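The values are calculated or read from the model by the stated rules, or taken from the named source; none is laboratory data. Being a predicted model, the structure only gives us computed values, none of them experimental. Cβ coordinates were reconstructed from backbone atoms using ideal geometry, including for glycine residues, and neighbour counts include every protein chain displayed. Please note that ligands, DNA and RNA were not included when accessible areas were found on the heavy atoms of the full protein model with its side chains. Shrake-Rupley method; radii C 1.70, N 1.55, O 1.52, S 1.80 Å.
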Amino acid sequence: MAALTEEQSMLKDQASAWATEQAPVQKFREMRDSGAAEGFTPATWESMVDMGWTGILIPEAYGGSDLGYLTFGVVLEQLGRQLTASPLFASALVGASAVILGGSDGQKQQLLPKVVDGSEILTLAVDDGPRHAPAAIAMKAERTGDGFSLSGTKHFVVEGMTATTLIVAARTGGASGSMDGLSLFLVPGDAPGLSRARLATVDSRGYANVTFDGVSVGADALLGEADQGGVLLDAVLDRARAGLGAEMLGTAAQAFDMTLEYLKTREQFGRVIGSFQALGHRAAGLFTQMELARSCAEAALQAIDADTDDVAQMCSLSKARVGDFLHEMSNQLIQIHGGIGMTDEFDAGFYLKRARVLEALYGNQAFHRDRYARLLGF
Amino acid sequence: MHMSDDLNAFREEARQWIGENFPESLKGKGIGMEESGEDLGADLDRWRERLAARGWGAPTWPVEYGGGGLSQSQARAINQELVAAGAFNHIPMITGMGITMVGPTLLDYGTDDQKARHLPGIASGEIRWCLGLSEPNAGSDLASLSTKAVDAGDHFVLNGQKIWTSGANISQWCGAVVRTDPNKPKRDGISFVMLPMDQEGVETRPIRLIAGASPFCETFFNDAIAEKRDLLGPLNEGWTVVKRLLQHERQSQTGSGMASSGAKPTPIQELAKGYVGTDADGALADADLRTRITRHLMDAKAHGLTIARITAEAKGNVEVSAAASILKNSATIVAQTKAELTLELMGAQGLGWEGEAFTDQELGTVREWLGGKAMSIYGGSFEVQNNIISKNILGLPETTQKG
């Protein structure tokens, strides 16, 4: 870990102990087996709210603790280890970031305290299609007399089944292919004309395709300025990506620990399989990749906290580099466990399935390599 | 925090001193500049003397041995200020293995007499050291070495052959691992001795490599003499000394070392744009190459961030860290990949050996590409580092020893 403050170290220990004891993978398995449409266990979510994690980013004036993104990442990493499912990421990181960065005083007053106490679940509705491409947004928000009318479908909305307020990216100007002309809107989940279609996904969580059929919102629903939402959206997405970097790191680190433990205990040919050099070297290579990935994940969170001018680069670096490691690690988790890794009874499959969703969310590795190259001017 | 205030004040002082003392004629130059035909010798030596007088040749060594008595953070600050000013500290380079390996190991294991006799000459950049470690039949399996040292009263008599002794032909001193007890198990009969190179029993022959001329030599000991007072560490316990020496070597190969050159290379993506061209959006015209360059740049960034992170976690004390094997392998991948990509983006211009048809940069790229293949072999090969990681860091069983 980065050199953590005392407060961050305590929170890390608290999150680690809580996730291991109160929300381990077994809980996730029970939730999956129950077929819960919300994609998480309400009691687990309530515990997180009680511990104050929903307020980590939120200024004290709105009831939060304002501890910053590295601190949030410390918690997400521990949750990623146990595959703990909850709306914490979508609401208290992504949604809260959008309101903090783009909201008026009134909007902050209205939403942030409720994010902290869990009575609001926010989420970002960004992509029009199955691939992450914010510049390609075509969904329109037509100006009406005193507001806007939204029509179109947003794909793969995280916590789309339970979100109480959606932050919707739509086009008020410009052409598809450009980040200019986008606007962000706060849309209540129960707005007339809004409908949700649950997606049954490999990671068993609560995604939905959300359709807006002439949904009317007032001018006060606008988050930030009309047509200028591209910059805000980019900033919110980067915070989301840095958060995913931390969660992915935790998921991959747990997969690594499980694999290392197996290398030390599983015997074949009369010896532990970790004594075979082919596997020892593979483990050494994965460990090296993990150390490099950790540096990227932490650096992105620290860049946001320090408001450096390379936040976008660092967030793409984190998402791509940690994503690459998680991809390889989740495959090796299965491979090195052999047949047992293929069984549903063992947890390896959960990590593999979750890995691919995390990789795809808000831009996969290819998306972020392309973006990194563009940011560097080639 | 007042600690960082102190560091900032130190940094400010360093910047000012460099500004006042670094010769303008050396700005932006680096080691190897003598090959460019410019005669910078006098200024270079003046700069060495000024660095040495301040103890900055070896900033973290004790003042009594010619060092600066500074912390790791202060040494890093000096380094950063040198780079920022287009300056450099060439003392590590001109002392061969002195600053990076011999000195730190002497500080760990040397007697007061040994430290007093050997360290000041290294810190001032006047005495170059080589190391006699590998032998023709003892490479990755160094402990199987067979060069013998026989007790002859107040000295040892050495016989045998060393190989890959970098800079042996221009060094004044050598640190060598030798077998002092052939009857003990292989790691238990080894000692570490230091001996002057200017003596009848020592002969060196430079080795020509795939990249052409090289600093590497074969070194022959024919009744060479090492004084007993130059035995480093106890008799027959040289393996412990060597292990520490190799840790210092890995540390020096992690890419976290000192600024040895003031020249700022062109970023590879800019070089690529020049040779390959761009499309209407400004993206590199070769999409496949663009992706691979991006991967490389991300690897390089991740490597740099990891050095910074490990340094921060160790609160500045990273003399010898368990992470050295990871960083050495990572640094190797970054450097070798960069060389391959640079060669590739130059097309046919990246395939020249010599002659007017190629620029100095193109020819330099080719030689660097070839020379860089050694990175994954020397200092413990890529595979040996993976053995170390799997055994020492991950706790997996030993795979290289019999029984």
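Cα centroid distance between segment A:242-285 and segment A:1-50, in Å? Rounded to whole Å, the Cα centres lie 23 Å apart.
With the whole protein complex present, B:Arg54 retains an accessible surface near 90 Å², based on a 1.4 Å probe.
Mean partner shielding of peptide A:194-200, defined as the number of other chain Cβ atoms within 10 Å of each residue Cβ, is 0. Based only on Cα atoms, what mean projected area does the convex hull of the protein assembly as shown have, in nm²? In nm², the orientation-averaged hull projection of the protein assembly as shown is 37.3. In this structure A:Met258 has an accessible area near 40 Å², from a 1.4 Å probe over the protein heavy atoms. According to the Cα-based calculation, Rg over Rh for segment B:113-175 is 1.03, with Rh computed by the Kirkwood formula. Remark: accessible surface ordering of A:Asp66, A:Asp370 (largest first) is A:Asp66, A:Asp370, probe radius 1.4 Å. Sequence-distant contacts, meaning Cα pairs under 8 Å at least 6 residues apart, place the relative contact order of chain A at 16 percent.
The mean of 1/r over all distinct Cα pairs in chain A, once inverted, gives the Kirkwood hydrodynamic radius of 21.1 Å. Treating the angle as unsigned and between 0 and 90°, give the value, to the nearest 10°, between the Cα long axis of helix A:311-337 and the longest Cα principal axis of chain A. Once rounded, the angle reads 40 degrees. For chain B, the share of alpha carbon pairs falling in successive 10 Å distance bins from zero is 4, 19, 29, 28, 15, 4, 1, 0 percent.
In summary, the lysines within cross-link reach of A:Lys154, defined as a Cα separation below 28 angstrom excluding same-chain residues under 8 places away, comprise A:Lys108, A:Lys114, A:Lys140, A:Lys319, A:Lys353. Dipole magnitude for segment A:187-323: about 1000 debye, using +1 per Lys or Arg Cβ and -1 per Asp or Glu Cβ, origin at the Cα centre.
Placing unit charges on the Cβ atoms only, positive for Lys and Arg and negative for Asp and Glu, gives the protein assembly as shown a dipole magnitude near 1620 debye about its Cα centre.
Against chain B, whose longest principal axis comes from its Cα atoms, helix B:287-313 is set at around 50 degrees.
The mean accessible area for residues of chain B, using a 1.4 Å probe and ignoring ligands and nucleic acids, is 47 Å² per residue. Interface residues of segment A:344-378, defined as a loss of at least 30 Å² in heavy-atom accessible area between the chain alone and the complex of all protein chains with a 1.4 Å probe, are A:Arg369, A:Tyr372, A:Leu376, A:Gly377, A:Phe378. Protein-only accessible surface at a 1.4 angstrom probe places the residues A:Val126, B:Val83 in the order B:Val83, A:Val126, largest first.
Between A and B, roughly 3100 Å² of accessible area is buried in total, ligands, DNA and RNA not counted and the probe set to 1.4 Å. The angle between the Cα long axis of helix A:365-375 and the main principal axis of chain A comes to about 60°, on a 0 to 90 degree scale. Among the protein heavy atoms of the protein assembly as shown, carbon and sulfur supply 51% of the accessible surface, probe 1.4 Å, non-protein parts ignored. Here the simple spin-label model places points 7 Å from the Cα toward Cβ, and for B:Arg229 and B:Ala285 these points are separated by 6.9 nm. With all protein chains kept in place, the per residue accessible area of segment A:231-375 amounts to 34 square angstrom at a probe of 1.4 angstrom. Of the cross-linked pairs B:Lys29/B:Lys338; B:Lys264/B:Lys328; B:Lys29/B:Lys162; A:Lys12/B:Lys243; B:Lys273/B:Lys301; A:Lys264/B:Lys186, which ones have a Cα-Cα span greater than 25 Å in the structure shown? Over 25 Å Cα-Cα: B:Lys29/B:Lys162; A:Lys12/B:Lys243; A:Lys264/B:Lys186.
Between A:Met10 and A:Asp146, what FRET efficiency comes out of the Förster formula 1/(1 + (r/R0)^6) with R0 = 45 Å and r the beta carbon distance, rounded to 0.05? Once the sixth-power term is evaluated, E becomes 0.35. Neighbouring Cβ atoms from other chains, within 10 Å of the Cβ of residues in B:285-295, number 3 on average.
Shown for segment B:383-397: residues covered by the partner protein chains by 10 Å² or more of accessible area relative to the chain by itself (probe radius 1.4 Å), namely B:Glu383, B:Asn386, B:Asn387, B:Ile389, B:Ser390, B:Ile393, B:Leu394, B:Gly395, B:Leu396, B:Pro397.
Translational diffusion of segment A:123-227, estimated by Stokes-Einstein from the Kirkwood radius over alpha carbon pairs at 37 °C in a medium of 0.692 mPa s, is 241 µm² per second.
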